[in-house]
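The values are calculated or read from the model by the stated rules, or taken from the named source; none is laboratory data. The structure presented is a predicted model; accordingly, all values stated were derived computationally and were not measured. We place every Cβ from the backbone using ideal geometry, glycine too, and count neighbours over all the protein chains shown.
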Amino acid sequence: MALAVANRYARALADIAFTPSSGLDPATATAQLRAFARLPREHADLRNVLLSPAVTASRKHAVVARLGEPMGLHRLVRNFLYVLVDHRRVGMLEEIVGAFEAAVDERMGRVRAQVVSAAVLPVTEQLQIEQQLGAMTGKQVRCDFEVNPDLLGGVSVRLGSTIYDGSVRGRLNALQRRLAAE
């Protein structure tokens, strides 16, 4: 349910951001939303104010405006945050930002991949992985790289709902399953 709600708000903002007359660049909207979403996560008092039902919507609007001014929030991003305040969805801001990024990627023909490796990959290998995944999918691929020493070696890639496991840990697990089946 929460994901469906987050997707609905994200699609609405994406519709606005991709309207040429809006003057809002999707990349700018993404960066500004990420920056604003970081504030309540880092400041408990702010989070309490924005989530408290005891604080009126107009006071929350004032807080958003005051914080947004030095951040240079675009008018439409600020208004979007007001809508979230009015509909008591500020607590879902992280999910909405993630859904918005996914909506922007989809409209721009990009896909995201999570790449997990046993050690930090050099930049050249990261670029090579992105290029190979792009060739496989026919789309521009944006990778999020993580390190998990439990993999022992190799990489594991999650692209949408598909997992490509080229890790040593994955190969050992597959070997163990084959031996157990014999």
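Observations
- Residue match in the range 80-89 (condition: surrounded by 13 or more Cβ atoms within 10 Å (Cβ to Cβ), without any contact (Cβ under 8 Å) to a residue 12 or more places away in the chain and either in contact with a helix residue (DSSP H, G or I) (Cβ under 6 Å, 6 or more places away or on another chain) or among the polar types (S, T, N, Q) (or both)): no
- Set side by side, the residues 169, 178, 142, 158 differ, and just one is outside any strand (DSSP E or B) and either surrounded by 11 or more Cβ atoms within 10 Å (Cβ to Cβ) or of a type in the set (S, T, N, Q) (or both), which is 169.
- Within the range 166-182, no residue that is in the same structural domain as residue 117 (by TED's automatic domain parsing) sits with its Cβ atom under 6 Å from a residue that is loosely packed, with under 12 Cβ neighbours inside 10 Å and not in a helix (DSSP H, G or I) at 6+ positions apart or across chains.
- Of all residues making up the range 10-19, the number that are within 13 Å of residue 76 (Cβ to Cβ), in a helix (DSSP H, G or I) and not aliphatic (A, V, I, L, M): 1
- Extreme residue, surrounded by the most Cβ atoms within 10 Å (Cβ to Cβ), among residues of the range 105-139 that are in a helix (DSSP H, G or I) and β-branched (Val, Ile, Thr): 129
- Reported count of residues in the range 42-70, each being among the hydrophobic types (A, V, I, L, M, F, W, C) and more than 23 Å from the chain's Cα centre (by Cα), is 7.
Listed here are the residues, each with its yes/no results for (1) of a type in the set (Lys, Arg); (2) under 18 Å from residue 17 (Cβ atoms).
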site: 75; (1), (2): yes, yes
site: 82; (1), (2): no, yes
site: 85; (1), (2): no, no
site: 92; (1), (2): no, no
site: 119; (1), (2): no, no
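- The listed residue being more than 14 Å from the chain's Cα centre (by Cα) and not assigned by TED's automatic domain parsing to the domain that holds residue 160, out of 77, 97: 77
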